[in-house]
Amino acid sequence: MNRIQQKLQENKKLVSIYFTAGYPTLTDTKSIIENLEKAGTDIIEIGLPFSDPLADGPTIQESSTKALKNGMNSEVLFEQLKDIRSTVNIPLIIMGYFNPMLQYGVEEFCKKCNEIGIDGLIIPDLPVDVYDEAYKSLFEKYNLTNIFLITPQTSDERIRYIDSISNGFIYMVSSASVTGAKNTFGEQQKAYFERINNLNLKTPQIVGFGISNKETFEQATTYAKGGIIGSAFVKHITNHPIGKIKDFFIFA
Amino acid sequence: MSYHVDEKGYYGEFGGAYIPEMLYPNVEELRQNYLKIMQEESFQKEFHQLLKDYVGRPSPLYFAKRLSEKYNTKIYLKREDLNHTGAHKVNNTIGQILMAKRLGKNRIIAETGAGQHGVATATVCALMGIECIVYMGEIDIARQAPNVARMKMLGAKVVPATSGSKTLKDATNEAIRDWINNPVDTHYIIGSVVGPHPYPDMVARFQSVVSEEIQKQLLEQENTAFPNHVIACVGGGSNAAGAFYHFLDEEKVNLIAVEAAGHGVDSGESAATSILGKEGIIHGSKTLLMQTKDGQITEPYSISAGLDYPGVGPLHAHLFKTGRAEFIAITDDQAMQAGLELTKLEGIIPAIESSHAFAVLKEKEFKKDDIVIINLSGRGDKDLDTYIKYFNL
């Protein structure tokens with residue numbers, strides 16, 4: 001059992017935080033992770049910036065552009081994280097688009113993640129069927145959990161397929177949107193949350209996109225195991241020093 | 001060797017649909033229906049009627065006598081520049097708007113670089129009375145004011161893409177984001193043979209009317225359906241896909257794809273994707289693209305706004321990799337001179353994109369009896385400013 005699977009067994013709603021590596025400055029990565037753990041974060045998603053982040057809204061796009069300008073890339077990130085497991089115990093996931101991983105070499109990337117102690121990957125533009133066919137065995141070889149997304153438009157049949165090949169959690173995208181787009185959840189989302197709950201999946205779900213405060217976190221986790229906060233946190237560290245990360249958790 | 005898409009959406013090793021799950025239902029709906037809809041008799045009838053009466057097809061296959069004399073070979077021009085809206089782009093937008101209607105969509109989005117595809121999309125949306133939103137890089141909006149005005153007159157909403165490099169690739173990202181936000185009622189009309197499967201195949205099929213006509217016209221004029229060479233410029237690759245389509249499996253027909261070398265292939269300011277690109281993922285497709293060592297997509301350069309796309313359609317990546325097509329890179333200067341030469345010899349001002357194809361005549365020897373087809377993909381009206389500045393007219 002890896003750290004993600006262990007964490008999912010805890011009897012609480014999990015708070016997962018996304019941030020863009022290399023932002024606001026290149027060398028903030030490690031201290032953001034350490035401060036997040038101290039503040040009570042359950043899972044951290046470390047965003048590997050990409051020039052063309054298709055699924056992201058303005059906040060994460062801008063942080064990615066800045067991080068790339070700062071000099072962030074796969075190699076720099078791995079170097080920054082090489083001793084991370086001497087100070088941090090919670091699950092760490094790298095979230096990034098597929099092309100930078102492809103250029104690094106998918107096996108080499110997975111191997112590096114394993115060496116450092118990364119527990120899983122979220123790759124929004126690596127389709128489930130391509131993963132299943134070409135990369136699943138590599139991920140297993142390096143003990144990495146791959147996290148898949150589902151959306152309100154995903155059919156029950158496809159959700160069942162995704163459930164069957166998942167071994168961590170399912171990233172449940174709250175609504176038809178890019179990251180950061182919504183402020184509250186409406187009836188449609190509630191109906192979707194219920195629909196997924198009624199499918200009785202074997203894989204726990206963590207809801208992401210559109211969670212920005214206590215209210216949306218609670219709505220999102222009525223049935224789900226936890227919530228992911230990305231854009232709202234990126235905004236917070238844009239405006240506050242890293243030492244103030246704990247203030248962000250007042251809402252949670 | 002097949003040069004057509006396989007059932008999984010690949011051309012050899014290129015293609016596929018590398019899309020976020022949020023786009024899966026939209027793309028899957030299209031994938032499941034596009035061939036079925038295109039084969040419907042009513043669809044074919046409406047498509048061809050509009051191509052004939054609205055676009056003005058068939059476009060002439062014109063024997064360029066003076067150009068032929070100069071280069072001592074037989075040169076025919078496929079006059080896509082004479083289409084309504086001034087380029088081949090409209091063949092695809094007519095097809096896709098009919099597709100969108102049959103899929104029950106009532107909102108159209110598109111990306112555009114120089115504005116040609118944006119205008120062609122806004123045009124068919126006006127024709128059908130459908131809402132149209134065109135994403136265009138902020139920088140392109142500033143340098144392509146007349147096309148922005150055209151789109152607005154046609155009733156389209158032009159939305160600036162302000163992220164990244166603020167040009168075509170960012171406009172494409174914004175269009176994709178819009179589609180993620182509006183998955184049910186919206187159809188995304190992609191302007192080239194790029195993007196996730198089935199787009200490259202669907203757009204190539206709509207553009208294939210070009211090579212279909214070339215075959216018929218050549219049979220009438222030269223008593224053969226097969227030229228020796230077909231030359232077309234390639235940005236994303238839609239006009240080349242259309243001009244090559246019916247010749248792909250006829251290995252005796254030499255296919256020449258012309259890329260923009262900008263200031264020179266090694267100048268750092270170029271759009272010669274086949275030479276400078278490496279295999280990767282762009283806009284949902286595995287293909288050749290210009291990128292950093294780290295996999296960040298870079299910004300290409302060409303004097304011609306229609307050729308500066310950092311990727312190339314997966315069909316073309318496959319044609320390059322297999323050697324089926326010959327790829328030639330033409331600089332800004334070579335293209336501008338070739339455009340002026342065509343104007344002087346034949347009285348036709350070509351789009352600067354198309355001028356790149358004409359520049360091949362100086363780069364490559366053709367035999368006296370060779371039949372050389374050049375796809376004249378667009379007219380030069382939109383490029384007058386650039387021609388004026390370049391030649392100090």
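Being closer than 22 Å to B:Gln215 by Cβ, small (Gly, Ala, Ser) and either under 22 Å from the mean Cα position of the chain (by Cα) or assigned to a loop (DSSP other than H, G, I, E, B) (or both), is that true of even one residue in the range B:17-28? No: zero hits.
Within the range A:165-185, residues that are within 9 Å of chain B (Cβ to nearest Cβ) sit with their Cβ atoms under 7 Å from residues that are open to solvent by 10 Å² or more (accessible area, probe 1.4 Å) and in a strand (DSSP E or B), at 6+ positions apart or across chains, in these pairs: A:Tyr171/A:Leu149; A:Val173/A:Leu149. Residues in the range A:82-97 that are buried (at least 23 other Cβ atoms within 10 Å of the Cβ) and either farther than 21 Å from A:Gly40 by Cβ or modelled with pLDDT under 95 (or both): A:Ile94, A:Gly96, A:Tyr97. The set of residues in the range B:364-393 that are of a type outside the set (A, V, I, L, M, F, W, C), closer than 26 Å to B:Lys89 by Cβ and within 25 Å of the chain's Cα centre (by Cα) comprises B:Asn375, B:Ser377, B:Gly378, B:Arg379, B:Gly380, B:Asp381, B:Lys382, B:Asp383, B:Asp385, B:Thr386, B:Tyr387, B:Tyr390.
Which one is nearest to the chain's Cα centre (by Cα), of the residues in the range B:168-181 that are at the interface with chain A (Cβ under 7 Å from one of its Cβ atoms) and not aliphatic (A, V, I, L, M)?
We begin by selecting, within the range B:168-181, every residue at the interface with chain A (Cβ under 7 Å from one of its Cβ atoms); these are B:169, B:173, B:176-177, B:180-181.
Then drop every residue that is not not aliphatic (A, V, I, L, M), which leaves B:169, B:173, B:177, B:181.
Numbers: B:Lys169: 15, B:Asn173: 18, B:Arg177: 22, B:Asn181: 27 Å.
The extreme case among them is B:Lys169.
If the condition is being buried (at least 18 other Cβ atoms within 10 Å of the Cβ) and more than 13 Å from chain B (Cβ to nearest Cβ), then the range A:125-162 contributes A:Phe139, A:Leu144, A:Thr145.
Restricting the search to the range B:108-117, which residues are closer than 18 Å to B:Leu82 by Cα and either modelled with pLDDT of 95 or more or in a strand (DSSP E or B) (or both)? Full working, then the answer.
Step one: of the range B:108-117, the residues closer than 18 Å to B:Leu82 by Cα are B:115-117.
Once the filter is applied, which keeps residues that are closer than 18 Å to B:Leu82 by Cα and either modelled with pLDDT of 95 or more or in a strand (DSSP E or B) (or both), the range B:108-117 yields only B:His117.
Sort out which residues of the range B:355-378 are touching a residue at least 24 places away in the same chain (Cβ under 8 Å) and open to solvent by 80 Å² or more (accessible area, probe 1.4 Å), and write them in order of number. Those that are touching a residue at least 24 places away in the same chain (Cβ under 8 Å) and open to solvent by 80 Å² or more (accessible area, probe 1.4 Å): B:Lys362, B:Glu363, B:Lys367, B:Lys368, B:Asp369. All of B:Val194, B:Val184, B:Val234 fail the test of being under 12 Å from the mean Cα position of the chain (by Cα) and within 14 Å of another protein chain (Cβ to nearest Cβ), apart from B:Val194.
Scanning the range A:51-66 for residues that are facing chain B (nearest Cβ under 7 Å), free of Cβ contacts under 8 Å to residues at least 40 places away in the same chain and not β-branched (Val, Ile, Thr) yields A:Ser51, A:Gln61. Exactly one residue among B:Lys293, B:Lys286 is surrounded by fewer than 24 Cβ atoms within 10 Å (Cβ to Cβ) and of a type outside the set (Val, Ile, Thr), and that residue is B:Lys293.
When the range B:301-334 is filtered for residues that are of a type in the set (A, V, I, L, M), open to solvent by 10 Å² or more (accessible area, probe 1.4 Å) and in a loop (DSSP other than H, G, I, E, B), the ones remaining, listed by number, are B:Ile303, B:Ala305. Considering the range B:267-283, and only residues there that are surrounded by fewer than 24 Cβ atoms within 10 Å (Cβ to Cβ) and within 11 Å of another protein chain (Cβ to nearest Cβ), the residue that is farthest from B:Tyr199 (Cα to Cα) turns out to be B:Lys278. For the range B:48-61, the condition holds for at least one residue, the condition being that it is within 21 Å of B:Val360 (Cα to Cα) and either in a helix (DSSP H, G or I) or open to solvent by 10 Å² or more (accessible area, probe 1.4 Å) (or both). Summed over the range B:181-208, residues that are at pLDDT below 95 and in contact with a Ser or Thr (Cβ under 7 Å, 6 or more places away or on another chain) total 1.
Restricting attention to the range A:198-220, report how many residues are in a loop (DSSP other than H, G, I, E, B), under 20 Å from A:Ile122 (Cβ atoms) and at pLDDT 95 or above. Don't jump to the end; show me each part of the working.
Taking the range A:198-220 first, the residues in a loop (DSSP other than H, G, I, E, B) are A:199-204, A:209-213.
Subsequent filtering for residues that are under 20 Å from A:Ile122 (Cβ atoms) retains A:201-204, A:209-212.
Those left that are additionally at pLDDT 95 or above: A:201-204.
Counting residues in the range A:198-220 that are in a loop (DSSP other than H, G, I, E, B), under 20 Å from A:Ile122 (Cβ atoms) and at pLDDT 95 or above gives 4.
Test A:Glu107 against the criterion of being touching a helix residue (DSSP H, G or I) at 6+ places or on another chain (Cβ under 6 Å), open to solvent by 10 Å² or more (accessible area, probe 1.4 Å), more than 14 Å from chain B (Cβ to nearest Cβ) and among the charged types (D, E, K, R), and give yes or no. Taking the combined requirement at face value, the residue satisfies it.
Here is the figure for the range B:63-83: residues that are open to solvent by less than 80 Å² (accessible area, probe 1.4 Å) and free of Cβ contacts under 8 Å to residues at least 40 places away in the same chain total 2. Put simply, of B:Glu41, B:Glu21 the only residue that is on the phi < 0 side of the Ramachandran plot and either out of contact with any strand residue (DSSP E or B) (no Cβ under 6 Å at 6 or more places or on another chain) or open to solvent by 30 Å² or more (accessible area, probe 1.4 Å) (or both) is B:Glu41.
Examine the range A:53-64 for a residue that is in contact with a Gly (Cβ under 8 Å, 6 or more places away or on another chain), acidic (Asp, Glu), closer than 28 Å to A:Leu138 by Cα and buried (at least 24 other Cβ atoms within 10 Å of the Cβ), and state whether such a residue exists. Checking the range A:53-64: at least one residue is in contact with a Gly (Cβ under 8 Å, 6 or more places away or on another chain), acidic (Asp, Glu), closer than 28 Å to A:Leu138 by Cα and buried (at least 24 other Cβ atoms within 10 Å of the Cβ).
The values are calculated or read from the model by the stated rules, or taken from the named source; none is laboratory data. Here the structure is a predicted model, which is why all the values come from computation and not from measurement. Don't worry about glycine lacking a Cβ; one is built from the backbone with ideal geometry, like all the others, and counts go over all protein chains shown. Please note that ligands, DNA and RNA were not included when accessible areas were found on the heavy atoms of the full protein model with its side chains. Shrake-Rupley method; radii C 1.70, N 1.55, O 1.52, S 1.80 Å.
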